[in-house]
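Enquirer: Below are the structure tokens for one structure; questions will follow.
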Amino acid sequence: MNTAELATRIKTLDSGSVNNVEIGDVTEFIDLMQVYEGAMYEIGTKLEILDNEFQVRFSHNPIHHMERRLKSANSIVEKLHRKDLPTTADAIKDNLFDVAGIRVVCNYRDDVYAVSRYLSEQSDIQVLRVKDYIRNPKQNGYRSLHVIYAVPVFLTSGPHYTPVEVQFRTIAMDYWASLEHQLRYKSDLPDIRLAQHSQTLLDCARSLQNIEVQMQSIHRDISGAPQEEGAPEAPHKE
């Protein structure tokens, strides 16, 4: 959803919902979302350029596809409430780092680490936070690399460094995560069936990981693309 669509949707909300948003005024909220949208597309453009360069240098496109999204107004308000934060523009800017998001689906695990590293090394980008669920999967089997970048969005008032959450994952990780999300949030199965399917998905995650390792090894043999060097590093806290 882009900011024009967001503005249309906010105008259709009832007065109670608009009051819940309470971010100075609706115009201020839309302006803020426009900045996040700009940051999201700036990161997306950088990723597209990297993908094209890989094709020229290595005859290989590391990125299979990308998906962009802005959080809805309702999701933003709900998250602020969960954190016991005021529904203000400053609260969003200071505390929410996933308002703008991009999912980058790569072909191989080496691609995940190579693309994230090359993006992180660009001089106008800051790495704010890294969570590597590929090397350290969640208990349910979820694997993905989450990196929060800050990228400058240039407005009439100057550059505004704005966070964008980028999730890097392989095709296998992506279709596994889609099914697990459907099972967890969009099914009304009884608990026993839910537990059975969750265990099966955990087994599948382990099997997929082994298959990916084998396929990655074959790809390394036939491609000159960069090999895995690990996730980008987030700044160390004092």
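Enquirer: Using just the C-alpha positions of the range 81-185 as equal point scatterers, what log10 of I(q)/I(0) does the Debye formula give at each q in 0.09, 0.10, 0.13, 0.16 1/Å?
Expert: Debye intensities relative to I(0), on a log10 scale: -0.29, -0.35, -0.58, -0.83.
Enquirer: Only sites in a loop by DSSP and with at most 11 other Cβ atoms within 10 Å count here; which trypsin sites (Lys or Arg not before Pro) in the range 155-238 make the cut?
Expert: For trypsin sites (Lys or Arg not before Pro) across the range 155-238 that sit outside H, G, I, E and B with at most 11 neighbouring Cβ atoms in 10 Å, the list reads LYS186, LYS237.
Enquirer: Students often get this wrong, so check it: of LYS79/LYS131; LYS131/LYS186; LYS79/LYS186; LYS71/LYS131, which have C-alpha atoms separated by over 23 Å?
Expert: In this structure, LYS131/LYS186 exceed 23 Å between Cα atoms.
Enquirer: Per residue of the chain, what 222 nm ellipticity follows from adding -39500 (n - 2.57) for every DSSP H run with n ≥ 4, rounded to the nearest 500?
Expert: The helix-only estimate for the chain comes to -17500 deg cm²/dmol at 222 nm.
Enquirer: Need one number: convex hull volume per residue for the range 16-120, Cα atoms only, in Å³. Each step should come with its number before you reach the end.
Expert: Details: hull volume 10.8 nm³, N = 105.
Cα convex hull per residue, to the nearest whole number: 103 Å³.
Enquirer: For LYS83, list the aspartates and glutamates whose Cα falls under 15 Å from its own Cα; do not include residues on the same chain fewer than 8 positions away.
Expert: ASP94, ASP98
Enquirer: Then there is this: Indicate the gyration tensor shape class of the chain (rounded, prolate or oblate), computed on the Cα atoms with a ≥ b ≥ c the square roots of the eigenvalues: a/c under 1.5 is rounded; otherwise a/b larger than b/c is prolate and the rest oblate. Each step should come with its number before you reach the end.
Expert: Numbers: a/c = 2.19, a/b = 1.31, b/c = 1.67.
Judged from the Cα gyration tensor, the chain comes out oblate (a/c at least 1.5, b/c at or above a/b).
Enquirer: Report the charge-dipole magnitude of the chain in Debye, nearest 20, computed about the Cα centre from +1 at each Lys and Arg Cβ and -1 at each Asp and Glu Cβ.
Expert: The dipole magnitude comes to about 600 debye.
Enquirer: How do ASP203, ASP124, ASP174, ASP191 rank by accessible surface area computed with a 1.4 Å probe, from largest to smallest? Don't jump to the answer; show the numbers that get you there.
Expert: Numbers: ASP203 70, ASP124 45, ASP174 20, ASP191 125 Å².
Correct descending sequence by accessible area is ASP191, ASP203, ASP124, ASP174.
Enquirer: Highest first, please rank the peptides 103-112, 138-147, 82-91 by the mean number of other Cβ atoms sitting within 10 Å of their residues.
Expert: Result, highest mean first: 103-112, 138-147, 82-91.
Enquirer: Next up: How large is the dipole of the range 120-238 about the Cα centre if only Lys and Arg carry +1 and Asp and Glu carry -1, each at its Cβ, rounded to the nearest 20 debye?
Expert: 360
Enquirer: Taking the Cα centroid of the range 56-80 and of the range 135-193, what is the distance between the two, rounded to the nearest whole Å?
Expert: 8
Enquirer: Along the positive direction of the dipole of the chain (beta-carbon charges: Lys, Arg +1; Asp, Glu -1; about the Cα centre), which of LEU32, THR162, ALA114 reaches farthest?
Expert: ALA114
Enquirer: Please compute the contact order of the range 22-114 in relative form: average sequence separation of alpha-carbon pairs under 8 Å and at least six residues apart, divided by the residue count, as a percent.
Expert: Once normalised by length, the contact order is 39 percent.
Enquirer: At a probe size of 1.4 Å, how large is the accessible area of MET215, to the nearest 10 Å²?
Expert: That residue has around 100 Å² of solvent-accessible surface.
Enquirer: Suppose all protein chains stay in the model; what accessible area per residue would a 1.4 Å probe give for the range 102-238, in Å²? Provide the component values of the computation, followed by the final result.
Expert: Details: 7870 Å² over 137 residues.
Result: 57 Å² of accessible area for each residue.
Enquirer: Any aspartates and glutamates with Cα under 17 Å of the LYS138 Cα? List them, leaving off those in the same chain fewer than 8 positions away.
Expert: Those aspartates and glutamates meeting the cut-off are ASP174, GLU180, ASP203.
Enquirer: Next question. Relative contact order for the chain using alpha-carbon pairs under 8 Å, separation at least 6, rounded to a whole percent? If you can, show how the numbers build up before the last one.
Expert: Working: 334 pairs, mean separation 52.5, N = 238.
Relative contact order here is 22 percent.
The values are calculated or read from the model by the stated rules, or taken from the named source; none is laboratory data. If you're wondering where the values come from, they're calculated on a predicted model, not measured in any experiment. So basically every Cβ, Gly included, is an ideal-geometry build from the backbone, and we count neighbours across all protein chains shown. Each accessible area value is taken on the protein alone, full model and side chains, heavy atoms only, with ligands, DNA and RNA left out. Shrake-Rupley method; radii C 1.70, N 1.55, O 1.52, S 1.80 Å.
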